[in-house]
Each structure stands twice: as structure tokens, then as C-alpha cells.
1. Any residue at all in segment 61-82 that's among the basic types (Lys, Arg) and under 13 Å from PRO122 (Cα atoms)?
2. Can we say PHE74 is over 10 Å from the mean Cα position of the chain (by Cα) and under 23 Å from PHE24 (Cα atoms)?
3. Please verify whether segment 123-130 includes one or more residues that are at pLDDT 95 or above and surrounded by 13 or more Cβ atoms within 10 Å (Cβ to Cβ).
4. Which one is farthest from the chain's Cα centre (by Cα) among residues in segment 26-39 that are in contact (Cβ under 8 Å) with a residue 40 or more places away in the chain and not in a loop (DSSP other than H, G, I, E, B)?
5. Of all residues in segment 1-25, how many are more than 11 Å from the chain's Cα centre (by Cα), modelled with pLDDT of 95 or more and under 19 Å from LEU81 (Cβ atoms)?
6. If I ask for residues that are of a type outside the set (A, V, I, L, M, F, W, C), crowded, with 17+ Cβ neighbours inside 10 Å and not in a loop (DSSP other than H, G, I, E, B), which ones from segment 67-97 would you list?
7. Testing VAL61 on (1) assigned to a helix (DSSP H, G or I); (2) of a type in the set (A, V, I, L, M, F, W, C); (3) at pLDDT below 95, one condition comes back false. Which one is that?
8. Would you check which residues across segment 13-62 are among the polar types (S, T, N, Q) and over 16 Å from ARG90 (Cβ atoms) and list them?
Amino acid sequence: MMDLYYPNERTRAVSFGEAIQTVFRKYSEFNGLATRAEFWWWALFNGLVLSALNLLNVFQVADKTYLGTLIAGFWGIAILLPSLAVAARRLRDAGYDQRNLFWILIPFAGIIIVLIYCSKPPKSVATGLGAGAQ
């Protein structure tokens with residue numbers, strides 16, 4: 001069970017590479033915690049990948065279909081589960097329930113609400129959302 005809380009792990013700095021490896025390693029783990037650095041490095045990584053794929057839009061694969069758009073669609077499907085998992089872990093670390101992730105279903109405003117929740121500092125274990133909380 002990976003739902004353990006290590007105080008030094010929550011406060012230590014996470015590098016870009018470590019954050020990406022952690023997200024892919026915990027791609028389907030919705031329990032546990034994710035630091036702000038892990039969440040935002042993941043967001044930056046996705047932005048960089050999508051920007052690079054956008055450069056491939058100069059190649060047209062079929063009528064009105066571009067290579068970058070096609071690969072970006074597959075990329076979005078591939079990272080859907082890891083993105084939801086890291087967001088759920090980040091919400092948990094910030095002291096919010098994972099069900100707040102459903103705000104994403106509201107166009108525009110929902111994404112902003114979730115990003116605001118994810119940007120909050122971590123809550124202490126005393127709140128009950130830390131070690132072993134369900």
C-alpha cells in the first residue's frame with residue numbers, strides 16, 4: 001500500500017525529471033499525496049510536449065488532418081489517467097477531497113477552480129487528510 005506519509009518526502013524539492021518519473025510510476029494511484037512541485041512540473045511537461053507536437057502541424061497527413069494534431073490526440077488519451085491521478089493526489093495533499101476533481105466537468109470555470117485548489121500549500125497530517133486517510 002503506497003498511502004504512506006513521509007514528512008521529509010513532502011517537503012523536499014522535486015526535480016523536473018523526478019516529478020515526471022513519479023507521475024508515470026504512480027499513473028493509476030489515486031491515494032497518497034503529490035507535492036505542488038510534482039503537480040506543476042507535470043503540467044509544464046505536458047505543455048512542452050503539446051507545444052512540440054504543435055510544431056508538427058506543418059505536415060498534413062490527410063485532407064484537413066495534421067500530424068501534430070493526430071499525435072496530440074493520442075498523447076491526450078495516453079496521459080489522461082496519470083493526469084487525473086496526480087491531480088487527485090495533489091488535491092488530497094492540499095486538504096481537499098478527491099471529489100473536487102469533478103469541477104473539471106464545468107467548462108472553463110471548473111478547470112480554474114481545480115487549479116486554484118491544487119496551488120494551495122499542503123495541509124498538516126493533523127487535518128486527517130494525511131497519513132492513511134481515506
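1. No: zero hits.
2. yes
3. Within segment 123-130, not a single residue is at pLDDT 95 or above and surrounded by 13 or more Cβ atoms within 10 Å (Cβ to Cβ).
4. The qualifying residue farthest from the chain's Cα centre (by Cα) is ARG36.
5. Total meeting the criteria: 2.
6. Within segment 67-97, GLY68, PRO82, SER83, ARG89, ARG90, ARG92, ASP93 meet the criteria.
7. Checking VAL61 against (1) assigned to a helix (DSSP H, G or I); (2) of a type in the set (A, V, I, L, M, F, W, C); (3) at pLDDT below 95, the one that fails is (1).
8. Answer for segment 13-62, where residues must be among the polar types (S, T, N, Q) and over 16 Å from ARG90 (Cβ atoms): SER15, GLN21, SER51, ASN54, ASN57, GLN60.
The values are calculated or read from the model by the stated rules, or taken from the named source; none is laboratory data. If you're wondering where the values come from, they're calculated on a predicted model, not measured in any experiment. We place every Cβ from the backbone using ideal geometry, glycine too, and count neighbours over all the protein chains shown.
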